[in-house]
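What follows is one structure encoded as structure tokens, with my remarks underneath.
The values are calculated or read from the model by the stated rules, or taken from the named source; none is laboratory data. If you're wondering where the values come from, they're calculated on a predicted model, not measured in any experiment. Neighbour counts are summed over all protein chains in view; Cβ atoms, including those assigned to glycine, are modelled from backbone coordinates with ideal geometry. Just so you know, the surface numbers come from the protein's heavy atoms only, side chains and all, with ligands and any DNA or RNA stripped out. Shrake-Rupley method; radii C 1.70, N 1.55, O 1.52, S 1.80 Å.
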Amino acid sequence: MALQEINFDGIIGPSHNYAGLSLGNLASAAHARHVSHPRDAALQGIEKMRHNVRLGLVQGLFVPLPRPNHEWLADLGATADDVPDTLRPAAFSASAMWAANAATVSPAPDTADGRCHITVANLRTMPHRSHEWPDTLSQLRLAFADGAHFHVHKPVPPAFGDEGAANHMRLCAGHGEQGVEIFVYGRRGGAFPARQHVEASRAIARHHGLDPERTLFVAQSEEAIAAGAFHNDVVAVANENVLLAHEQAFEDRVDFYASLKRLLPEVEIVEVPADAVSLEDAVKSYLFNAQLVTLPDGGMGLILPEEARETPSVWTWLEAMVAGNGPIRKLFVVDVRQSMANGGGPACLRLRVVANPAHVDPRFIANKAKLDTIGEVIREHWPERIAPADLCDPKLRQRIESARAALIEALGLNELL
Ligand code: SUG
């Protein structure tokens with residue numbers, strides 16, 4: 001079977017809450033200490049997966065990580081029964097839902113040994129995300145255990161921040177052909193941190209055995225980070241030969257586009273001008289955090305958050321784009337508002353892997369019946385709401401832990417308990 005795009009969505013965990021933990025992520029700051037709705041959040045995520053399955057796309061899934069993270073607390077000399085207020089929200093964070101930050105993926109046609117290479121992200125910049133990687137690594141090693149086709153790498157050393165696929169794009173003439181891999185890094189972000197270090201990206205490219213001639217390292221623009229684009233996938237998205245990007249996404253777009261055209265003459269660059277959509281509207285609407293996908297009947301579509309339809313400048317531009325003669329022909333809108341309120345749109349919620357689905361552990365591949373089962377578990381076990389003070393309640397903690405266990409048992413993934 002040919003290589004296919006598989007989108008692995010992170011199932012939104014039962015501890016989903018709004019703690020305002022991510023400096024530079026405007027939505028996270030705006031919703032700090034709001035009441036969250038984990039059950040609705042997770043069902044919104046399942047509905048997005050159902051939507052994509054209905055479109056005929058191959059859908060995968062990852063399960064939530066154990067929260068609170070007892071091992072991380074123990075390393076900090078604390079326990080879940082006696083956790084300082086300053087650590088509690090980080091120990092409970094459901095941030096692993098944003099699977100685009102789980103790892104960087106180089107498909108088999110791009111790598112020296114012809115296997116798909118996957119490096120788990122260290123996420124070291126934000127404390128609440130820095131303890132995701134050990135459990136994410138266990139899950140990746142299970143899903144992609146077939147060593148003939150995959151190589152899963154440990155994270156790059158924490159000296160250099162790495163936030164995974166959210167800062168990586170692959171352009172190619174077709175999924176099965178050697179592509180051009182683009183690593184986008186940050187240098188400065190005004191008042192906000194640059195979360196992807198170029199040395200982390202370079203290390204990943206070496207570990208994955210990429211051809212240096214077909215690998216680009218591109219600086220994200222300082223103004224984009226300062227405007228709230230804390231990851232490149234807030235201002236750009238790529239699929240096969242199409243790049244959709246905001247005019248102000250990159251530090252030196254002229255140089256980047258010229259290199260890209262030289263390496264991949266088939267590339268089609270769709271640029272959104274700043275005078276049509278401001279950086280502010282791009283960040284508010286998450287227009288670029290859409291999933292840009294190749295549809296089974298040909299042509300490409302964008303799977304966008306509701307917020308894009310609600311932002312007039314964005315929707316006007318998108319409608320004009322699909323009416324034109326460009327490569328992106330269809331718009332689909334999904335409701336992921338609970339995730340969006342923490343700065344995670346449709347593309348944040350998925351890790352894209354180009355591989356043969358038959359080589360992946362089938363427990364991580366979704367279908368309609370499995371999504372129905374997961375939906376039932378969520379309806380029965382996920383808390384309906386979490387206010388900040390609830391995180392101190394031992395009964396909530398117990399509920400979060402038993403909810404995760406129920407899901408894992410339903411999926412037969414007991415190795416992850
Ligand atoms: O790392 N939000 C995440 C959002 C990640 C979005 N991912 C991509 N763009 N690919 C982050 O900033 C907020 C958690 C809180 O504040 O409770 C948070 O971690």
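Couple of notes before you dig in:
- Set of the stretch 1-26 residues, backbone N closer than 20 Å to the point 7 Å along the Cα-Cβ line of GLU177: 1-6
- Over the chain, relative contact order from alpha-carbon pairs under 8 Å, at least 6 apart, %: 23 percent
- Rolling a 1.4 Å probe over the protein heavy atoms of the chain, with every protein chain left in place, gives an accessible area that is 51 percent carbon and sulfur.
- Inter-part distance where the stretch 113-162 and the stretch 209-223 are each reduced to a Cα centre, Å: 20 Å
- With respect to the chain, whose longest principal axis is taken over its alpha-carbon atoms, helix 253-263 is tilted by about 70°.
- Compactness index (Cα Rg / 2.2 N^0.38 Å), the stretch 4-416: 0.91
- In the stretch 368-416, the C-alpha radius of gyration followed by the widest Cα-Cα span (Dmax) gives 12.2, 36 angstrom.
- For the stretch 210-250, the alpha carbon positions stretch 33, 19, 15 Å along the principal axes, listed from largest to smallest.
- Cα-based shape type of the stretch 265-375, given that a ≥ b ≥ c are square roots of the gyration tensor eigenvalues and the cut on a/c is 1.5: oblate
- Rolled with a 1.4 Å probe across the full set of protein chains, the surface gives HIS131 an accessible area near 10 Å².
- Among 233-241, 199-207, the order from most to least packed when residues are scored by Cβ within 10 Å on average: 233-241, 199-207
- Contact order relative to length of the stretch 1-91, as percent, for alpha carbon pairs under 8 angstrom and 6 or more apart: 33 percent
- 1.4 Å probe accessible area per residue over the chain, in Å²: 38 Å²
- Long-range Cα-Cα pairs in the stretch 322-417 (distance over 22 Å), rounded percent: 53 percent
- Using alpha-carbon coordinates, inclination of helix 198-207 to the longest axis of the chain, degrees: 90 degrees
- Shown in residue order for the stretch 285-291 are the 3J(HN,Hα) couplings computed by the Karplus curve 6.51 cos²θ - 1.76 cosθ + 1.60 at θ = phi - 60°: 8, 6, 3, 7, 8, 7, 8 Hz (x for Gly and Pro).
- Principal axis dimensions, largest first and in whole angstrom, of the stretch 348-396 by Cα: 45, 23, 17
- Along each principal axis, Cα extent of the stretch 147-254, largest first, Å: 45, 32, 20
- Cα-based shape type of the stretch 39-114, given that a ≥ b ≥ c are square roots of the gyration tensor eigenvalues and the cut on a/c is 1.5: oblate
- Relative counts (whole %) of C-alpha pair distances in the stretch 234-289, using bins that are 10 Å wide: 24, 53, 21, 1
- Using the Cβ-Cβ distance between LEU76 and ASN325 with R0 set to 51 Å, the FRET efficiency from 1/(1 + (r/R0)^6) comes to roughly 0.35.
- Euclidean distance between Cα centres, the stretch 333-362 to the stretch 230-303, Å: 18 Å
- Sequence-distant residues sharing a close amide H with GLU268 (under 5 Å, placed H): VAL242, LEU243
- Working value for the stretch 129-195: equivalent-ellipsoid semi-axes of 25, 21, 8 Å, each the square root of 5 times a Cα gyration tensor eigenvalue, largest first.
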